[in-house]
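**Q** This is the structure I have questions about; it appears just below.
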Amino acid sequence: MSRNIFASSPRRLLFGFGQRLSSTLECPTPKTTTVPIVQNEMPDCEFQPPSYRGPSYEDIKKLRKNHLTPNILSYYKKPLLIHAGHKQWLYDHNGKRYLDMFGGIVTVSVGHCHPKVKRALEEQSETLWHTTNIYMHPKIHEYAEKLTAKFPGDLKAVCFVNSGSEANDLAMLMARVHTGNHDILTLRNCYHGMSPYTMGLTAHSTWRFPLAGVSNGIHHVMNPDPYQGLWGGSHCRDSPVQVNRECDCMKNGSCLATNMYYKELEQTFLHSLPCGKVAGMFAESIQGVGGTVQYPRDYIKKAATLVRANGGLFISDEVQTGFGRTGEYYWGFEGHGIIPDIVTMAKGIGNGFPLAAVVTTPKIAKSLGMALHFNTYGGNPLASAVGLAVLEVIEEEQLQKNSLEVGTYFLKCLSELRDRYEIVGDVRGKGLMIGIELVNDRETKTPLSTSHVMEIWEQCKDMGVLLGKGGLNGNIFRIKPPMCIGKDDVRFAVDVLSRAIYDFLEKQKKKKPSS
């Protein structure tokens, strides 16, 4: 029988790290205390931000209300006025320091204001800010060589653009022009952009406007989600933390959930597509906006094979999972054992600088020659200098390795929260691409209400930790910090989250009338 967590007084769930840790990946055994105390203080940082000299907080609020479009929303009841950034830290106008666990929406890859990236930008600005690629300038060519060297197979042709939406927009165009087919598949719960063209790819009702033609030729297939989906369980995900749900997968060497979701995909080919005609299929290696959703093992590989057998291309959206964030591999698609036909990337590629790219094979890229295609800013000297510096920092500071080691440690620590607090329904991810799904009921997986999620989220901010939110119901904390974070940061963040959850449960218990 399903049990609502708030139907009776919640059990006293205790958590708090009491000791400093060794350098091993093992998460510490938490001490049992009456109240979980944040025993790991915010890690020290010698950086001192300059004094804030901009408009007052109240003036900024008025300017925002009067001059920015109302779709630009603010996090938190009292929005933060961010003034400075350094590595994994952000500072508000009063100088208060916050641990940034969202990285500017998975965008700050090597750290806020990284000195090498900053230096590369400054040096380039001394010689040439901008000229379009109708002229040759060295940086775009140097960068193209360095970037494509990171890819396997024949993925050696790159087109630079300015945002993830624009990259996916171009990938759609490439797939349709190259194959001569029109229909495109994406997964439900995916996010691939907000341009009128890519809005059709995005399968969240909350991100879609009622525009004619947006979904022209685009089909959203069943999302293979081992936690919330019809099939899946404790053997399905490529993650240090598995779903707390039993399944019979892998007993015969294969994932039954993969097979069932694949059969559902086949139904779309049988009933919704022209026979043997598809332009392509998009998939994030791990869904980002949808809440760090991972797929059963081998699903992506089987889907790519089916798409290609029907004349289409497989497009991997690495906007959030690329550049070593998932730890084990440089690109998320490598974890699925495939080489895509087209790869799109943005966000971490420029560490916050507006830069994005589409990488494909020379043969597919040649299809763009069918008509004129041009991007004024794509790969301009400043952007290329920044992109080059980011690649070098990832290598020099071994940030992919850090993502694997610190991310795995983070996931194991968060799994302790799941074991102690019933509102933590699922913890998942790879490297520093992490999600925590909050539920009202463990058995039905009913999402924790928005107001309750906000209460926990706000307290984390007040205690100095900034988390992202995602999922269709906004009940999933998204943890995607700069890849330079360390284990001290993890310990502090987990302690803060534990205390916020505990305090929330205690308040809920007091609100229940005594029987």
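**Q** Rounded to the nearest 5, what is the percent of antiparallel bridges among the DSSP beta bridges in the chain?
**A** Details: 33 of 49 bridges.
Within the chain, antiparallel bridges account for around 65 percent of the total.
**Q** If ligands, DNA and RNA are left out, what is the accessible area of residue 69 with a 1.4 Å probe, given in Å² to the nearest 10?
**A** 80
**Q** Counting only protein chains, not ligands or nucleic acids, how are 135, 295 ordered by accessible area (probe 1.4 Å), most first? Numbers along the way, then the final one.
**A** On the way: 135 140, 295 10 Å².
Accessible-area ranking of 135, 295, largest first: 135, 295.
**Q** What is the spin-label model distance, in nm, from residue 72 to residue 206 if the labels are put 7 Å beyond Cα along the C-beta direction?
**A** About 2.2 nm separates the two model spin labels.
**Q** Further question on the same structure: Grab the alpha carbons of region 115-397, take their convex hull, and tell me the volume per residue in Å³. Working shown, then result.
**A** Numbers: hull volume 39.6 nm³, N = 283.
Enclosed volume per residue, from the Cα hull, is 140 Å³.
**Q** Show the residues, 5+ positions off or on another chain, whose built amide H is closer than 5 Å to the amide H of residue 468.
**A** 478, 480
**Q** Where a ≥ b ≥ c are the square roots of the eigenvalues of the C-alpha gyration tensor, would you call the chain rounded, which needs a/c under 1.5, or, failing that, prolate if a/b is larger than b/c, or oblate? Write out the running numbers ahead of the final one.
**A** Numbers: a/c = 1.70, a/b = 1.19, b/c = 1.43.
Oblate, because a/c is 1.5 or more while a/b does not exceed b/c.
**Q** What is region 115-397's relative contact order, in percent, from Cα pairs under 8 angstrom and six or more apart in sequence?
**A** Values: 551 pairs, mean separation 81.0, N = 283.
Relative contact order here is 29 percent.
**Q** Can you give the FRET efficiency for residue 370 and residue 267, using 1/(1 + (r/R0)^6), R0 = 25 Å, r = Cβ-Cβ distance, to the nearest 0.05? Mind showing how you got there, number by number?
**A** On the way: r = 33 Å, r/R0 = 1.33.
Result of the calculation: an efficiency of 0.15.
**Q** Starting from 0.36 nm per residue, how many nanometres of slack lie between residue 215 and residue 125 once their C-alpha separation is accounted for?
**A** Numbers: separation 90, 0.36 × 90 = 32.40 nm, distance 4.18 nm.
Contour length minus Cα-Cα distance gives 28.2 nm.
**Q** Can you send over the solvent-accessible area of residue 492, 1.4 Å probe, protein chains only, in Å² to the nearest 10?
**A** Its accessible surface works out to 10 Å², give or take rounding.
**Q** Then there's this: Where a Cα-Cα gap under 26 Å defines reach, which lysines qualify for residue 116, not counting those fewer than 8 residues away within the same chain?
**A** 87, 96, 139, 146, 150, 347, 401, 480, 487
**Q** Taking region 352-421, which chymotrypsin sites (Phe, Trp or Tyr not before Pro) meet the DSSP loop condition and have no more than 14 other C-beta atoms within 10 Å?
**A** Values: sites: 374, 377, 409, 410, 421; in loops: 374, 377, 421.
Within region 352-421, the qualifying chymotrypsin sites (Phe, Trp or Tyr not before Pro) (loop, at most 14 other Cβ atoms within 10 Å) are 374.
**Q** Please sort by residue number the trypsin sites (Lys or Arg not before Pro) in region 212-300 whose DSSP state is loop and whose Cβ has at most 10 other Cβ atoms within 10 Å.
**A** On the way: sites: 237, 245, 251, 263, 277, 297; in loops: 237, 245, 251, 277, 297.
In loop regions of region 212-300 (DSSP not H, G, I, E or B), the sparsely surrounded trypsin sites (Lys or Arg not before Pro) are 251.
**Q** Right, next: What are the ³J(HN,Hα) values, in whole Hz, obtained from phi via the Karplus relation 6.51 cos²θ - 1.76 cosθ + 1.60 with θ = phi - 60°, for each residue of region 175-186 in sequence order, with x given for Gly and Pro?
**A** Each residue's phi maps through the Karplus curve to give 4, 6, 5, 5, 8, x, 9, 10, 6, 10, 10, 9 Hz.
**Q** For region 402-457, which GluC sites (Glu not before Pro) are in a loop by DSSP, counting at most 15 other Cβ atoms within 10 Å?
**A** 443
**Q** Taking all protein chains in place and a 1.4 Å probe, what share, in percent, of the accessible surface of the chain do carbon and sulfur account for? Can you show the working numbers first?
**A** Details: 11980 of 22460 Å².
Using a 1.4 Å probe with all protein chains present, the chain comes out at 53 percent carbon and sulfur.
**Q** When all protein chains stay in place, what accessible area (Å², nearest 10, 1.4 Å probe) is found for residue 328?
**A** 90
**Q** Moving on to the next point. Relative contact order of the chain, please, whole-number percent, based on alpha carbon pairs below 8 angstrom and at least 6 residues apart. The partial results should precede the final answer.
**A** On the way: 1053 pairs, mean separation 120.3, N = 515.
Once normalised by length, the contact order is 23 percent.
**Q** Round to a whole angstrom and tell me the spacing of the C-alpha centers of region 60-101 and region 349-407.
**A** Computed from Cα coordinates, the inter-centre distance equals 27 Å.
**Q** Mind ranking 438, 81 by accessible surface for me, highest first, 1.4 Å probe? If you can, show how the numbers build up before the last one.
**A** On the way: 438 0, 81 25 Å².
Ranked list, largest accessible area first: 81, 438.
**Q** Across region 254-271, in residue order, what do the Karplus-derived ³J(HN,Hα) couplings come to in whole Hz, using 6.51 cos²θ - 1.76 cosθ + 1.60 with θ = phi - 60° and x for Gly and Pro?
**A** 9, 9, 5, 4, 4, 4, 5, 5, 5, 4, 5, 5, 4, 4, 5, 5, 6, 10
**Q** Per residue, what accessible area does the chain have, given a 1.4 Å probe and all protein chains present, in Å²? Provide the component values of the computation, followed by the final result.
**A** Numbers: 22460 Å² over 515 residues.
Averaged over the residues of the chain, the accessible area is 44 Å².
**Q** Using a 1.4 angstrom probe on the protein heavy atoms only, line up 116, 61 by accessible area, largest first.
**A** 61, 116
**Q** Using a simple charge model, +1 on the beta-carbon of Lys and Arg, -1 on the beta-carbon of Asp and Glu, nothing else, what dipole does the chain show about its Cα centre, in debye to the nearest 20? Numbers along the way, then the final one.
**A** On the way: 58 positive and 50 negative charges, 251 e Å.
Dipole magnitude for the chain comes out near 1200 debye.
**Q** For residue 221, list long-range residues whose amide hydrogen, built 1.01 Å from N in the peptide plane, is under 5 Å from its own amide hydrogen.
**A** 186, 187, 188
**Q** Using the alpha-carbon centroid of each, what span in Å lies between region 182-199 and region 430-478?
**A** 25
**Q** Summing -39500 (n - 2.57) over the DSSP H runs of n ≥ 4 in the chain and dividing by its residue number, what mean residue ellipticity at 222 nm do you reach, to the nearest 500 deg cm²/dmol? Mind dumping the intermediate values first?
**A** Working: 12 runs with 160 residues, N = 515.
Value at 222 nm, helices only: -10000 deg cm²/dmol.
**Q** Taking the Cα centre of region 260-416 as origin, work out the dipole magnitude from +1 charges on Lys and Arg Cβ and -1 charges on Asp and Glu Cβ, in debye rounded to 20.
**A** On the way: 12 positive and 15 negative charges, 126 e Å.
That gives a dipole near 600 debye.
**Q** Can you list residues from other chains, or at least 5 along the same chain, whose modelled amide H is less than 5 Å from the amide H of residue 183?
**A** 279
The values are calculated or read from the model by the stated rules, or taken from the named source; none is laboratory data. Keep in mind the model is a prediction, meaning the values are calculated, not measured. Because the Cβ atoms are built from the backbone with ideal geometry, glycine has one as well, and the counts that use them run over all protein chains shown. Only protein heavy atoms, including side chains, enter the accessible area calculation; ligands, DNA and RNA are left aside. Shrake-Rupley method; radii C 1.70, N 1.55, O 1.52, S 1.80 Å.
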